[in-house]
Amino acid sequence: MLNTLAQAFSLICTWEVIVAMLAASVYGLVIGSLPGLSATMATALLVPVTFYLSPIAAIATIVAASSMAIFSGDIPGALLRIPGTPASAAYADEAYAMTRKGEAELALGAGVWFSAVGGIAGTLSLMILAPPLAEIALSFSTFEYFWLALLGLMCATLVARSSPVKAIAGMFIGLLVSCIGIENPGGVPRFTFGVTNLLGGIEPIPALVGVFAVAQVMRAMLTPEPPPIPRRKFGSIMAGQWRLTKKYHWQMTRGNIIGIIIGVLPGAGADMAAWVSYAMSKRFSKEPEKFGTGHVEGLVEAGASNNASIASGWVPSLLFGIPGDTIAAIAIGVLYMKGLNPGPTLFTEKASSMYAIYLMFIIANIIMIPFGIVMIRLASYVLRAPRSSVMPVIMLCCAVGSFAIGNNMFGVVTVATFGVIGYVMEENGYPVAAMVLGIVMGTMIEQAFVTSLIKSDGSVLPFFERPIAAILAAMAIGALIWPVLVWVWRKLKRTPIPATSPR
Amino acid sequence: MRLPDRVTGLFLVGLGAAAAYGGWQLPPVPGQPVGPNVFPLVIGTGLALCGLAIALGIGHSFEEEEELIPVEGDQPPPPTSKLYGLRVLLPPALLLFYVAVADQLGFIITAALIVFVTSTALGARWKLSLPLAVLAPIGIHLIFSKLLRVPLPAGLLPMPW
């Protein structure tokens, strides 16, 4: 154990890893703080760069950039009432109300401090949860993998803030995309329409870049530019944070735990964690009437929650190759590229790499505090960069990055196509995250499904015979039926008291 | 691009049915009950059912209204002409333009055109968009071609490094 830890240290104490981590931190902070550029997009655009790094340095950039971007999204939320990333949307109003009351320092300080605490709590959960789960996962057969992957997809549809039917449709679209190519049980070209480039299937990374980056540039074409940030001088940012920690330690812990649970659930990520925690904080608060008027309590809980989910989202990714959220979906792609194929054996065979990942998460969350303070002080300059100068650069990165993945122009076509698909889906209320997870998990779920069917000789019964498979099956089917139950319950409730507002 | 649920739902019914039919047509693996045709069949059927449910408006009550965060201060009302809506297709069109001409024109020239058009479309004056169109491609070229060794097309204007 100590030996592995020492090995892990020597893995990350190289110049390449340190420089990659620092550069990715600055990059994540800047992208996260610019409204409209999300943490997922920051990570997706990093992937082509990670091609040329060593495995540990590649993972370091992903870890650092995603953690920083999630915190940094709080900055424009507090100063402009425009969340920098969707994960900050839950409490942007509250933070902005605090700024108007003259408490901008407290709001931003809470953002950076409780983000760091949440990130470290999430990392601890990753360290504690992953190894014992790996023990259990070693005995998994294709039946368990099938249900687990299905459960992941169902969770992604369940937590989407949209109609569950549309979310499931989005998931099916993603699975359908994953059918393209010859990588299927028969090895026959499927849905390729004679196009040679489609034989290899659709690469998940260009699809992700299209859905999250190109679609965002498309949206910017029609929305007005956000107003420039007013210049202001900040007082001490960390003052009073320790007092808050003591006063709201229970809220902080609850935020951490909720964030960890939502992160571990496949498909649900930081934005969901923030929404749930903010709502929870309001529900259980002693002074709920203060919420919305610039009260720091909800900020503490939700800020602690969204960063906790980032690290714990790696649990299912590392163990099963099932992403905990869209950022983890990208991370899985990078892991495969770097020969660290996700699976329970990763924890025994490549233990030092795993420890290196834990260490990098902890380091990223510690350096988030000084970096975050500098970023807050520089925010008035960074946020003055007009959108018309940022978006063109994003466009170039999309084109070059997607080309670099296979040194193939077809990647650029994929990016453009998925930009349009993502834009149209989002506009019509179809959650794109469900589709993305469908694309990432499609091949795996098909393999598990077909292999299981061959083993069972076409019978459905063996899918439920093994105990863990039965539990996972019950959970997956429950997740499918849940919206129906909610709907029936709402109908029943609405009959006696008409015109109750939904939720 | 906001379409009624009926339209998107029926489109999904068509897509699902086509996928299921396409899957059905695939040759099975000899001597095996399940092959490459099963999964598309299942997915296509599921998608078609979802599309049908969406077209019939099932599950609509779950959709939360988008929280529009009103921006303070006065904003010019967005232009509402039909052509304005087409601007949204500019980014994918520019990417396809890149695919079509990058090999002939080279990275620097194509990228400069893309930057200039995107930046102008987003409301930049030429004082910003022209220098940006010169500097951004060179910067990206430095990072990706020099540092990361991505073989970007040289075309008419090869870089000296």
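Below are the figures for this structure:
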quantity	calculated
Leading residue by the ranking (nearest to the other protein chains (Cβ to nearest Cβ)) among those in the stretch A:182-200 that are crowded, with 18+ Cβ neighbours inside 10 Å and without any contact (Cβ under 8 Å) to a residue 24 or more places away in the chain	A:G186
Any chance B:V34 is crowded, with 16+ Cβ neighbours inside 10 Å and at pLDDT below 85	yes
Matching entry among B:I43, B:I54 (being under 24 Å from the mean Cα position of the chain (by Cα), hydrophobic (A, V, I, L, M, F, W, C) and modelled with pLDDT of 90 or more)	B:I43
A:Y278 vs. criteria within 22 Å of the chain's Cα centre (by Cα), buried (at least 24 other Cβ atoms within 10 Å of the Cβ) and part of a helix (DSSP H, G or I)	yes
Qualifying positions in the stretch A:175-196 - not hydrophobic (A, V, I, L, M, F, W, C) and not in a helix (DSSP H, G or I)	A:G181, A:E183, A:N184, A:P185, A:G186, A:G187, A:P189, A:R190, A:T192, A:G194
Yes/no for A:Q216 being of a type in the set (S, T, N, Q), farther than 20 Å from A:Y381 by Cα and surrounded by fewer than 24 Cβ atoms within 10 Å (Cβ to Cβ)	yes
Test: residue in the stretch A:131-138 that is free of Cβ contacts under 8 Å to residues at least 60 places away in the same chain, over 17 Å from the mean Cα position of the chain (by Cα) and under 30 Å from A:I481 (Cβ atoms)	yes
Any chance A:I128 is more than 24 Å from A:G298 (Cα to Cα) and surrounded by fewer than 23 Cβ atoms within 10 Å (Cβ to Cβ)	yes
Any chance A:L378 is more than 30 Å from B:L94 (Cβ to Cβ), out of contact with any helix residue (DSSP H, G or I) (no Cβ under 6 Å at 6 or more places or on another chain) and either assigned to a helix (DSSP H, G or I) or not aromatic (F, W, Y) (or both)	yes
Qualifying residue in the stretch A:456-473 (condition: within 11 Å of chain B (Cβ to nearest Cβ), more than 25 Å from the chain's Cα centre (by Cα), surrounded by fewer than 20 Cβ atoms within 10 Å (Cβ to Cβ) and assigned to a helix (DSSP H, G or I))	no
Test: residue in the stretch A:397-404 that is surrounded by 13 or more Cβ atoms within 10 Å (Cβ to Cβ), more than 9 Å from every other protein chain (Cβ to nearest Cβ) and not small (G, A, S)	no
The stretch B:118-137 - residue that is outside any helix (DSSP H, G or I) and under 25 Å from the mean Cα position of the chain (by Cα) and, of those, farthest from B:V88 (Cα to Cα)	B:A124
Failed item, numbered, when A:A90 is tested on (1) under 21 Å from A:A44 (Cβ atoms); (2) within 14 Å of another protein chain (Cβ to nearest Cβ); (3) buried (at least 24 other Cβ atoms within 10 Å of the Cβ); (4) among the hydrophobic types (A, V, I, L, M, F, W, C)	(1)
Single unsatisfied condition, A:M171 versus (1) in a loop (DSSP other than H, G, I, E, B); (2) in contact (Cβ under 8 Å) with a residue 60 or more places away in the chain	(1)
Unmet criterion (only one of (1) touching a residue at least 60 places away in the same chain (Cβ under 8 Å); (2) under 14 Å from A:A207 (Cα atoms); (3) at the interface with chain B (Cβ under 8 Å from one of its Cβ atoms)) for A:F449	(2)
Matching residues in the stretch A:339-357 - criterion: being modelled with pLDDT of 85 or more and more than 15 Å from A:V315 (Cα to Cα)	A:S352
Matching residues in the stretch A:412-428 - criterion: being at pLDDT below 90 and in a helix (DSSP H, G or I)	A:E426, A:E427
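Let's see how each residue does on (1) within 11 Å of chain B (Cβ to nearest Cβ); (2) buried (at least 24 other Cβ atoms within 10 Å of the Cβ); (3) assigned to a helix (DSSP H, G or I); (4) under 19 Å from the mean Cα position of the chain (by Cα):
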site	(1), (2), (3), (4)
A:A44	no, yes, yes, yes
A:V47	no, yes, yes, yes
A:L53	yes, no, no, no
A:A65	no, yes, yes, yes
A:A78	no, yes, yes, no
A:P83	yes, yes, no, yes
A:M98	no, no, yes, no
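The values are calculated or read from the model by the stated rules, or taken from the named source; none is laboratory data. Computed from a predicted model, the values in this text were never measured in an experiment. Backbone-built Cβ (ideal geometry, glycine too); neighbour counts: all protein chains shown.
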